[in-house]
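The values are calculated or read from the model by the stated rules, or taken from the named source; none is laboratory data. Just so it is clear, the model here is predicted, and its values are computed rather than measured. Here the Cβ positions follow ideal geometry from the backbone for every residue, glycine too, while neighbour counts run over all protein chains shown. All accessible areas refer to the heavy atoms of the entire protein, side chains included, with ligands and DNA or RNA removed. Shrake-Rupley method; radii C 1.70, N 1.55, O 1.52, S 1.80 Å.
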Amino acid sequence: MATFSLLPGSVALITLTNPPVNALSAAVRAGIVQAVQRSVEDPKVKSVVICGQNGRFCGGADIREFAGPMSGPPLVPLIHAIEALDKPVVAAIEGLALGGGLELALGCHYRIAHTTALLGLPEVTLGLLPAAGGTQRLPRLAGLPAALDLITTGRHISGTEALELGIVDQVTDGSALDIALEFAKSIVGRPLNTRRLSTLPCRCPTDIDNLLDRFMVQVRQRARGALAPVACVGALRAAATLPYAQGLRKERELMDTLFNSGQARALQYAFFSQRVVGKWTLPSGARWDNTTSRTISTAAVIGLGTMGRGIAVALALAGMSVVAVETQEKQLSEARQMVPAMLQREAGRRGLDTAPGVISFCSSLQDVSEVELVIEAVFEDMALKLQLFRQLSAVCKPDTLLCSNTSGLDIDQLAAATQRPGLVVGMHFFAPAHIMKLLEVVCGTRSSPETVATVMQLGKRMGKVSVAVGNCPGFVGNRMLKPYTEQANFLLEEGAMPEQVDKVLEEFGFPMGVFRMSDLSGLDVGWRIRKAAGLTGPGVEPTRTRQGRRYSPLPDQMCEAGRLGQKTGRGWYQYDGPGGRVARSDPWVQTFLDAYRARHNLAARVIAAEEILERCLYSLINEGFKILQDGMAAGPEDIDAIYVFGYGWPRHRGGPMFHAGQVGLARVLEKLEHYQQLHPDVAPMKPSMLLRRLVAAGSPPIQKWRELIHRERVHSQL
Ligand SMILES: CCCCCCCC/C=C\C=C\CC(=O)SCCNC(=O)CCNC(=O)[C@H](O)C(C)(C)COP(=O)(O)OP(=O)(O)OC[C@H]1O[C@@H](n2cnc3c(N)ncnc32)[C@H](O)[C@@H]1OP(=O)(O)O
């Protein structure tokens, strides 16, 4: 709702009241309409201030309402009514003014903000555009270039930056509401003509077409198939070239298209998934809201390779005092040089003068004896990690949490090597660890709820999307990646080229196809894991069936030929030299594949893009269903958040499990059955029991899956 109060000095105060972010629900909009009407009709009212309850102006439209039929007064005429008032209206912006909230403020005659308030038009991140006049008023106020930047990226800016861009009239470090109330009294009777943004011309540079065309090219490149950023440029073109009323019509037309697109639904699902995963539950019944966490202020990182360095920086940025340990002299001295520079760069990028925490370097494990939490980031070798966990258990205080950054090894085994198995948990970061948003928090069988809560909380402080997952080989993300990369290798055996597979996946929206990604992370990573699993290496028969299932030795043979990817300048592609970044097709790979197929009597066939996409994605999705079935992820949102934030799954496609729902569960099942018939030796193609049950239950919407899984588990059918 919105409340109306008449204050001394004849100022009407309209307060938006809808915790936690005062979103513009139907009730709030109805409240504003009534309060504006009272302000018009009451002769005692000389000016108006609009604010939000609890120091938060407004978080925009109530996103939950987008899922059903819209009701209540629409926002566009409401904002016009405010703009048309002949009594001055001032927006007092504290906390946040986002989306429809900022559009409401743009309809006011003046805006006064706290310096730290967050302002922005983030609709693009929800697959929409600011359709309450935002695309038309903002460029009239801040100019076309600034509006293009803010609306196509959706980035939040501070009150201070908003002042620089001319979006607000004044900022304060004190109470924006107090200043606004005083200001409202002082401007009674001033003419308002120049304050009604819809009546002003758009502020454009001379060469509008050139600017818009250049911007469109950039936006299309960045968008990777997302529709909303492109539509935003279209709406801003209308603002720059058409009268306000026509521009507004164009804005609405584009919004209607976006609103009904699958992309908007996917992005809104992704918004809520991100929040759902913070509300973790464990099979034991421990949950985010019934478990206490400890606040960590001192931490250590063991092993200063690429991952360890990034983790140390991430911890320091979150305000922790960090001990960084590396036993190899050369690596330690490199880290001493590089890590402070990384820290400074990232602090600068986040607008901080200095990082809130500090990092000290040392070469002895004894130096971690006093810290509250240790993250091990040594080489991915179980024997090495077990030895380290035994040492840490002896050296550290009894209540120190011991965490491993392993990307797939058994957390229970590591816990068993210590005297404190309840305090052992996995913290699986993604490279570069100080930048990538995802953190898989791997809960071992004996990890205590307090340990999980502490690490989830720590992840949040580091600005990560932390997802609690179960302990199984590869956890969630890498477990699903395995059948996906395996399919890609099989496709090469059958006639595809790496470029062709990558193109299909990149057109789907991945920033990189599977082979370019493999070149970037290094082909030796998987090679080492396969050797440890006894799948390849000396003494292993060079067949295409290993351990009872189809196996492609192609990546092993690439490694044996010294083609480890970018680091060696050669992999599935060729690069300018070791460490090169620009991938070019390599005729060597064609010859290699031809020889391989000839050796194994494989006839190359032309493989359609559809088959490539279906086999890669559906085998990954099928593994996702198996993970849900095994209880290794609490719900589909957890898997989707992992893929969006850690594996480059295009956000506008929601995540793999959401995508399965969009395609239709019955169709995914039918396709898996089809490919399984063609390739009966490929185990990951065998449809999961859960997928079958969901289809049998009439393919319920994704929001209902958790309930069904829980029910079926109780009845032990999964
Ligand atoms: C057919 C055609 C129809 C066309 C209609 C045309 C007319 C359209 C007119 C106007 C359209 C306007 C579009 C918009 O305004 S879209 C919304 C834009 N706003 C946003 O994107 C903000 C989203 N929220 C956030 O970014 C953050 O939540 C933030 C506000 C920064 C607060 O962050 P934080 O303090 O970290 O808190 P949480 O994120 O955990 O959020 C707390 C809970 O609040 C819920 N929430 C937040 N924002 C909204 C919202 N806008 N609507 C509904 N709910 C919201 C969030 O889910 C959390 O809930 P819970 O505690 O249950 O998890």
Residue check: is E41 more than 9 Å from the ligand (Cβ to nearest atom) and either charged (D, E, K, R) or at pLDDT 95 or above (or both)?
yes
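Give the residue, chosen from S448, S407, that is more than 21 Å from F625 (Cα to Cα) and open to solvent by 10 Å² or more (accessible area, probe 1.4 Å).
Only one candidate passes the filter, namely S448.
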In the set V378, V374, V313, the lone residue that is within 28 Å of G422 (Cα to Cα), of a type in the set (A, V, I, L, M, F, W, C) and either open to solvent by 30 Å² or more (accessible area, probe 1.4 Å) or assigned to a loop (DSSP other than H, G, I, E, B) (or both) is V378
Selected residue (criterion: farthest from the ligand (Cβ to nearest atom)) from residues of the range 132-154 that are surrounded by 22 or more Cβ atoms within 10 Å (Cβ to Cβ) and within 22 Å of the chain's Cα centre (by Cα):
T152
Matching residues in the range 58-74 - criterion: being more than 9 Å from the ligand (Cβ to nearest atom) and not in a loop (DSSP other than H, G, I, E, B)
A67
Filter result for the condition that a residue is open to solvent by less than 10 Å² (accessible area, probe 1.4 Å), under 34 Å from the mean Cα position of the chain (by Cα), within 12 Å of the ligand (Cβ to nearest atom) and touching a residue at least 12 places away in the same chain (Cβ under 8 Å), over N54, N22, N18:
N22
Considering only residues that are crowded, with 17+ Cβ neighbours inside 10 Å and part of a loop (DSSP other than H, G, I, E, B), which ones fall in the range 583-593?
A583, D586
So, M480, is that one touching a Pro at 6+ places or on another chain (Cβ under 9 Å) and modelled with pLDDT of 95 or more or not?
yes
If you take the residues in the range 529-582 that are touching a helix residue (DSSP H, G or I) at 6+ places or on another chain (Cβ under 6 Å) and part of a strand (DSSP E or B), which one is least open to solvent (accessible area, probe 1.4 Å)?
G565
With the checklist (1) of a type in the set (G, A, S); (2) farther than 17 Å from G133 by Cα; (3) open to solvent by less than 20 Å² (accessible area, probe 1.4 Å) in hand, flag the one item A105 doesn't pass.
(2)
Failed item, numbered, when S71 is tested on (1) out of contact with any strand residue (DSSP E or B) (no Cβ under 9 Å at 6 or more places or on another chain); (2) within 25 Å of L211 (Cβ to Cβ); (3) among the small types (G, A, S):
(2)
Verdict on R605 being part of a loop (DSSP other than H, G, I, E, B), open to solvent by 10 Å² or more (accessible area, probe 1.4 Å) and in contact (Cβ under 8 Å) with a residue 40 or more places away in the chain:
yes
Going by what's in this entry, would F389 be described as under 18 Å from I302 (Cβ atoms), part of a loop (DSSP other than H, G, I, E, B) and outside the structural domain of R528 (by TED's automatic domain parsing)?
no
For A27, are the conditions met, namely being small (G, A, S), under 25 Å from I151 (Cβ atoms), surrounded by fewer than 16 Cβ atoms within 10 Å (Cβ to Cβ) and out of contact with any Lys or Arg (no Cβ under 7 Å at 6 or more places or on another chain)?
no
Scanning the range 657-676 for residues that are within 13 Å of R615 (Cβ to Cβ) and not charged (D, E, K, R) gives V668, L672, H674, Y675, Q676
Helices (runs of 4 or more DSSP H) contained in the range 169-277 and holding at least 2 residues within 16 Å of the ligand (Cβ to nearest atom), open to solvent by less than 50 Å² (accessible area, probe 1.4 Å) and not assigned by TED's automatic domain parsing to the domain that holds P139:
262-276
A162: among the small types (G, A, S), over 26 Å from S5 (Cα atoms) and free of Cβ contacts under 8 Å to residues at least 40 places away in the same chain, yes or no?
no
Does any residue of the range 75-95 turn out to be part of a loop (DSSP other than H, G, I, E, B), within 9 Å of the ligand (Cβ to nearest atom), in the same structural domain as N193 (by TED's automatic domain parsing) and touching a residue at least 40 places away in the same chain (Cβ under 8 Å)?
yes
Residue list for the range 112-131, filter: outside any helix (DSSP H, G or I) and either more than 13 Å from the ligand (Cβ to nearest atom) or open to solvent by 10 Å² or more (accessible area, probe 1.4 Å) (or both)
I112, A113, H114, T115, T116, L118, A131
Do any residues in the range 247-266 that are under 13 Å from Q136 (Cβ atoms) and in contact (Cβ under 8 Å) with a residue 24 or more places away in the chain have Cβ atoms under 7 Å from those of residues that are more than 13 Å from the ligand (Cβ to nearest atom) and of a type outside the set (D, E, K, R), where the two are at least six apart or on different chains, and which pairs are they?
G247/A238; G247/A239; E251/A238; L254/G234
Per the list (1) open to solvent by less than 30 Å² (accessible area, probe 1.4 Å); (2) in a helix (DSSP H, G or I); (3) touching a residue at least 60 places away in the same chain (Cβ under 8 Å), residue check on L613 breaks on (1)
